[in-house]
Every structure is written in C-alpha cells, then in structure tokens.
Amino acid sequence: GNSVTQMEGPVTLSEEAFLTINCTYTATGYPSLFWYVQYPGEGLQLLLKATKADDKGSNKGFEATYRKETTSFHLEKGSVQVSDSAVYFCALSDQETSGSRLTFGEGTQLTVNP
Amino acid sequence: DAGVTQSPTHLIKTRGQQVTLRCSPKSGHDTVSWYQQALGQGPQFIFQYYEEEERQRGNFPDRFSGHQFPNYSSELNVNALLLGDSALYLCASSFYSLSYEQYFGPGTRLTVT
C-alpha cells in the first residue's frame, strides 16, 4: 500500500537558519505530493503541492521538488522565521490505486527560536 | 468566502455513547472527506462523500458512519464510543474533479472518558 515517511523530529532552529524536512514515499501509481502545515490548535493548511515528477511546488518561501527517482519530496526554506513554528505533514494522493484519499506522514514539529 | 467550518469545537463523551460531528464545506466544493488525527500522529482517512454517497472508505469499523446532505454539508457519526476514539476529527472539502486538493477545517476535538 501507499505510505509516507518523514524525518524524525522535533526540529529546532534559530531564526534565519536553513530548513530541510525530509520526506520519502511509497506508492504503486503516480501520486500527487503535498506539504501541509498545522499551527497550534488549528486544522491543516495546504502549503504546496506537485502533481508530476520534477515539478517544484513553492509557497511563502517554502519549496519542494518531486523526485521520482529517489521517491522523495523534501521541504526546504532558505531562512526560517519564528512564525514558521508549526507541525509539517508530507502527504500523497494516488488516484490510480486509492482514489483521492490523502495518506499522511507522522508529521515533523518545527520550533524556530528568535 | 467562508472556509470549511466544523462543529462543535470540543466534545466530551463517555464510553459507549454515540456522537455526531458536523461539517460545512468551503463555498463551491461538492466533496467532503473525514480524517481522524490521534495525538502526535498524522491524520488517517475515514471516508469520503460525494453526491450524498460514500465513495471511498478507509480502514475504520462500521461504528463510523456518515451522511452528506443536498447542500453538501456532512455529518460523521460514531457509535459505541471507545477510549481509543479520542482524537481530533478533521473535515476536508474539495471539488470532486480535483478531489486530491483538499481544504481542511479546524477540527473537532473529541475526548472519550
């Protein structure tokens, strides 16, 4: 079946540091890939997406590139802010094998200190 | 433009009781999906409704059931509550034609004692 594996957290960084959160996936079809962010006490917000190999999703300074050869979709940001502190979830949707349901990773807690 | 709304925000129930959670989708969306998020975990897919029918279902027992109304809003019902049902229940809406791109509500926090 489909699965998503995220790097173990939590991650603690200083403001303006470079961020990488690793995500790898297993899927039998050709999935679409997503990063969602969850701020404390809130639901999930779609951060960025990529629907085919080599696509780069980007939003609010965050980027992730769909790498089919390494089955990865790592999240990066060049300079994090305190306001980026949240839980980040990598997810996939494999229309061919499991319809539009989202399969999520375990989440990575990011804390950014001033 | 209102986003996805859910009610209630919090709920406390006793083992064995039944609960109903409600969701109103984002304006224009016709598809509603429900997810369960246990503490410290990623969300798990429960089921998806479109045209008032359950279209997909995850690995959840029959105690979990749902309904979609003609105005696209939806309910999640859980019978015979167990302690393990304590979680954040998230509703997500989408267009059926783009149903992989889902927008989430703030969730309902259910505590079973």
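The values are calculated or read from the model by the stated rules, or taken from the named source; none is laboratory data. Since the structure is predicted, the reported quantities are computational estimates derived from the model, not experimental observations. Glycine gets a Cβ as well: all are built from the backbone with ideal geometry, and neighbour counts include every protein chain shown. In case anyone asks, the SASA skips ligands and DNA or RNA and just uses the protein heavy atoms, side chains included. Shrake-Rupley method; radii C 1.70, N 1.55, O 1.52, S 1.80 Å.
Quick one: how many Å² of B:Cys23 are accessible to a 1.4 Å probe, rounded to 10?
Estimated to the nearest 10 Å², B:Cys23 gives 0 Å².
If we count every other residue with Cβ under 15 angstrom of B:Arg109's Cβ, Lys/Arg +1 and Asp/Glu -1, where does the sum land?
Numbers: positive: B:Lys13, B:Arg22; negative: A:Glu42, B:Asp85.
Net local charge, B:Arg109 excluded: 0.
Mind ranking B:Asp85, B:Asp30 by accessible surface for me, highest first, 1.4 Å probe?
If we order B:Asp85, B:Asp30 from most to least accessible, we get B:Asp30, B:Asp85.
What Kirkwood radius, in Å to one decimal, follows from the Cα pairs of chain B?
After inverting the mean inverse Cα-Cα distance, the result is 13.9 Å.
Run the paramagnetic zone check for B:Phe95: 7 angstrom along Cα to Cβ, then residues of segment A:85-111 with backbone nitrogen under 18 Å.
Those under the cut-off are A:95, A:100-101.
Quickly estimate the mean residue ellipticity at 222 nm for the protein assembly as shown, helices only: each DSSP H run with n ≥ 4 gives -39500 (n - 2.57), and the total goes over all residues, rounded to 500.
0 deg cm²/dmol
Stretch B:Leu11-B:Glu51 to full length: gain in nm at 0.36 nm per residue minus the Cα-Cα span?
11.6 nm
In chain B, carbon and sulfur make up what percent of the accessible area (probe 1.4 Å)?
The computed percentage sits at 49.
Partner chain Cβ atoms within 10 Å, averaged over the residues of B:89-100 - can you pull that number for me?
Counting other chains' Cβ atoms within 10 Å and averaging over B:89-100 gives 3.
How many partner chain Cβ atoms sit within 10 Å of a residue's Cβ in peptide B:54-65, on average, as a whole number?
On the way: counts 0, 3, 4, 2, 3, 1, 0, 0, 0, 0, 0, 0.
Mean shielding by partner chains, rounded to a whole number: 1.
Over all residues in B:69-82, what is the mean tally of Cβ atoms on other chains that come within 10 Å of each residue's Cβ?
That works out to 0 on average.
With 10 Å bins from zero, work out the P(r) of segment B:1-49 over every alpha carbon pair and list the percent per bin.
19, 46, 30, 4
Rule-of-thumb check for chain A: C-alpha Rg over 2.2 N^0.38 Å? Display every interim value, and only then the final one.
Numbers: Rg = 13.6 Å, N = 114, 2.2 N^0.38 = 13.3 Å.
Expressed relative to 2.2 N^0.38 Å, the Cα Rg reads 1.02.
Please work out whether the protein assembly as shown counts as rounded, prolate or oblate from its C-alpha gyration tensor, where a ≥ b ≥ c are the square roots of the eigenvalues and a/c under 1.5 means rounded, while otherwise a/b larger than b/c means prolate and anything else oblate?
It is prolate, given that a/c is not under 1.5 and a/b is the larger ratio.
How high is the relative contact order of chain B, in percent, counting Cα pairs under 8 Å that sit 6 or more residues apart?
Computed value for chain B: 36 percent relative contact order.
For A:Glu16, A:Glu76, B:Glu101, B:Glu52, give me the order by solvent-accessible area with a 1.4 Å probe, most accessible first, ignoring ligands, DNA and RNA.
Descending order: A:Glu16, B:Glu52, A:Glu76, B:Glu101.
With every protein chain left in place and a probe of 1.4 Å, what is the accessible surface of B:His67, to the nearest 10 Å²?
B:His67 has an accessible surface of roughly 80 Å² with all protein chains in place.
Segment B:90-112 to segment A:82-114: how many Å between their Cα centroids?
14
Hey, how many Å between the Cα centroid of segment B:2-18 and the Cα centroid of segment A:1-58?
Answer, in whole Å: 28.
Can you pull a Stokes-Einstein diffusion coefficient for segment A:63-114 at 20 °C (1.002 mPa s), Rh from Kirkwood over Cα pairs, as a whole number of µm²/s?
D = 164 µm²/s.
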